[in-house]
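First the structure, in the form of structure tokens, and then the observations on it.
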Amino acid sequence: MRFLVRLVVSSVAIWLTSLLLDGVTLTQAEGWEQVLVIGVVGLVFTLVNLVVKPVAKLLTLPLTILTLGLFLLVVNALMLMLTSWLTSFTEWGLDVDGFWWALLAALVISVVSGILNAVLPGER
């Protein structure tokens with residue numbers, strides 16, 4: 001159940017980010033196909049965050065401590081760029097125009113995810 005909540009929160013956060021920022025785009029489709037595109041990108045992003053992000057956070061721990069946690073935004077941006085790269089092999093996907101767009105998108109996704117996690121009921 002927790003995985004599904006993370007999947008929905010990530011999908012909605014990426015969708016809202018693609019609406020707010022010009023440098024982050026989702027593949028355009030019609031109707032339910034667009035919902036499927038958002039779901040697939042959210043699934044890839046959630047899996048990247050579950051598998052790769054803990055390793056990246058461990059490897060960058062000294063930089064994270066040195067920057068008082070701000071380097072985690074860079075780690076989040078890199079996870080978003082990895083998601084963009086992984087979905088580029090399919091006809092559906094996420095496109096991020098560069099590192100700075102990914103950094104701004106990571107900030108927006110973090111804020112939206114935090115708000116959604118605070119509003120949704122569940123384990124804390």
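Using helices alone, I'd like the mean residue ellipticity at 222 nm for the chain: each DSSP H run of four-plus residues gives -39500 (n - 2.57), total over residue count, nearest 500.
The helix-only estimate for the chain comes to -24000 deg cm²/dmol at 222 nm.
So, in Å, what gap is there between the alpha-carbon centers of region 69-110 and region 30-58?
11
Using a 7 Å offset from the Cα along the Cα-to-Cβ direction at both Leu50 and Ser88, what is the distance between the two label points in nm, to one decimal?
That separation, rounded to one decimal, is 2.5 nm.
First measure r as the distance between the Cβ atoms of Met1 and Leu63, then evaluate 1/(1 + (r/R0)^6) with R0 = 25 Å and state the FRET efficiency to the nearest 0.05.
That gives a FRET efficiency of 0.15.
Extending each Cα 7 Å along its Cβ direction at Asp95 and Asn117, get the distance between those two points in nm, one decimal.
Placing both labels 7 Å along Cα→Cβ, they lie 3.1 nm apart.
Throughout, read-outs are computed from the coordinates displayed, never taken from laboratory work. Predicted model only: the values in this text are computed from it and were never measured. Positions of Cβ are generated from backbone atoms using ideal geometry, with glycine treated the same way; all protein chains shown enter the neighbour counts.
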